[in-house]
Amino acid sequence: MKDGSRFAVVVRKEEAEEVKKKLLELKALDEGRRIIRHGNFVEFPVKWAVDGYKIVEQKRIVKRKIFPPFEEIKRRLYGKICRDDFQKLPCKWEKFGDVLVLKMEGIKEKEKIAEVYASALKCKSVLEDIGGIEGIERKPNFKFIFGNDSETIHVENRIKYKFDVARIMFSSGNIDERIRMARVVKKNDIVIDMFAGIGYFTLPMAYHGKAKVYAIELNPLAFKYLKENIKLNKLEERVFPILGDCREKIPHGVANRIVMGYLNSIPFFKYALKGLKGKGIIHFHQKCREEEFPHAVFNEVKEIALQEGYEAEAIFHKKIKSYAPHIIHGVIDIKVKKMNKKSRQ
C-alpha cells in the first residue's frame, strides 16, 4: 500500500458517523473520492494510513466532483428559493468546529437556506448573527436557524478550543494575533492574561510558548470552558485559572508580561501595572478611531503609567481589524519600568 491516494478506512455502519467526525478533525478524509457503502460496512477514503483503524487499498476508485463551497451552495439552491433571497446569499461565513455563523439580513427563507449551508459545509447547526458582541462579558447576539446544539470543539494552530458558539465570543479575525502571542512569549515567561475568556491567548502562550500563565476571567460560563480547555490541551501545569474581576483578582508582583485583550483596556491599565515584577511588557488592546492609533492611544496610557510611577515605551503596534468606517481594533506592545525616586522628581 504505497499509494496514499488509494487508502481507505473500513468501519461498521453504526460507527460511521463518529469515525467520519474523527477523520474530519484529523483532516485525513480525502474529499476527492466518494465514500463507499457496501452491506454493513463503510469505506472512508483517506489521505494516509490512520492509526487505530482497519486500512485497505481500494480496488475501485470513485472520484467526487468538488465545487468551491459557495458555488456548491448556489448550485443546490438555484431555483428552489425566491430570486431576491438567492441574490442575497451570504458568500462569507464563520465556521467554528461544526457550527456555522451567518449574517442573513433581508433574507426570508432562512431555515431552508441554512439547512443547505449546514450540509455543504458539514455543520450540525447554523446561527444567525443578529447583533455582534455585547457587554463586558462579550456575549454574542446569535440565534438558531438550523439545528439546536452549538457546543463544539474548534481546532486552530493545533490547539483545541471547546465552547458554546451561541453563548461565547470567538473572534476569527484575531487569529494572527493569537499566533503572534504564541511566538513572542518565552519558556520562562510568567504571564497574566487579564481577560482570558476561554483561553484565546492563554492557550497559545502556554502550549506553543511554554509560558506559565495566570488566566483571569469574569464570565462564569467562559471560565467553565477555560478550565475544560486547559485539561483538553493538557496544560494543567502551566495555566492557573482565576475566576473574577481582574481589577480585584490580579496577582501582584508576579509577571514579566501582561495581556490585555479587551477592546476598552484603558480603564484597566493601572491594574495591569500591579501584576508586574517592577518591569515588563504589556500587550495592550484598544478599539479606537483610526487616526488615534497608535499615538493618541499610547499617550493616554503613558500618562496613566507616569501617574503610577512607571516609564512607558511603545515597542510595537499593529492594526488587528476594522470594526466600522474609521474604527479599528489595534494592539500596542508597551515596555514599562518602575521609576526610582530620582526619576520621579
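Every number in this text was worked out from the coordinates using simple rules, so none of it is lab data. Fair warning: this is a prediction, and the values are worked out from it, not measured in the lab. Glycine also receives a Cβ, built like all others from the backbone with ideal geometry; neighbour counts cover every protein chain displayed.
Quick look at the values:
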{"read-out": "Potential lengthening between residue 313 and residue 70 on full extension [0.36 nm per residue; Cα-Cα distance subtracted]", "value": "82.9 nm"}
{"read-out": "Pairs from 22/92; 249/277; 210/277; 22/321 whose Cα-Cα separation, in the structure shown, is over 28 Å", "value": "22/321"}
{"read-out": "Rounded to 5, percent antiparallel among DSSP beta bridges of the stretch 77-160", "value": "75"}
{"read-out": "Coordinate range along principal axes, alpha carbons of the chain, Å, largest first", "value": "84, 49, 32"}
{"read-out": "Spatially proximal aspartates and glutamates relative to residue 212 (Cα-Cα < 13 Å; intrachain offsets below 8 disregarded)", "value": "189, 193, 236, 237"}
{"read-out": "Helix-only CD estimate at 222 nm, as mean residue ellipticity for the chain, using -39500 (n - 2.57) per DSSP H run (n ≥ 4)", "value": "-7000 deg cm²/dmol"}
{"read-out": "Difference of contour (0.36 nm per residue) and Cα-Cα distance, residue 264 to residue 249", "value": "3.6 nm"}
{"read-out": "Inter-label distance, nm, simple model (7 Å from Cα along the C-beta direction), residue 13/residue 86", "value": "3.6"}
{"read-out": "Inter-part distance where the stretch 191-260 and the stretch 74-132 are each reduced to a Cα centre, Å", "value": "35"}
{"read-out": "Percent RCO, i.e. relative contact order, over the chain, from Cα pairs under 8 Å lying at least 6 residues apart", "value": "9"}
{"read-out": "DSSP-defined antiparallel bridges as percent of all bridges, the chain, nearest 5", "value": "70"}
{"read-out": "Qualifying trypsin sites (Lys or Arg not before Pro) for the stretch 120-220 [loop in DSSP, other Cβ within 10 Å: at most 16]", "value": "122, 158, 167, 186, 187, 210"}
{"read-out": "Filter on 21/112; 95/139; 124/160; 162/302; 80/143; 103/160 - keep pairs with C-alpha separation over 28 Å", "value": "162/302"}
{"read-out": "Computed over the stretch 4-57: relative contact order in percent, which uses C-alpha pairs under 8 Å that are six or more apart", "value": "56"}
{"read-out": "The chain - charge dipole about Cα centre, Lys and Arg +1 at Cβ, Asp and Glu -1, debye rounded to 20", "value": "1080"}
{"read-out": "Dipole magnitude of the stretch 4-57, debye to nearest 20 (Cβ charges: Lys/Arg +1, Asp/Glu -1, about Cα centre)", "value": "140"}
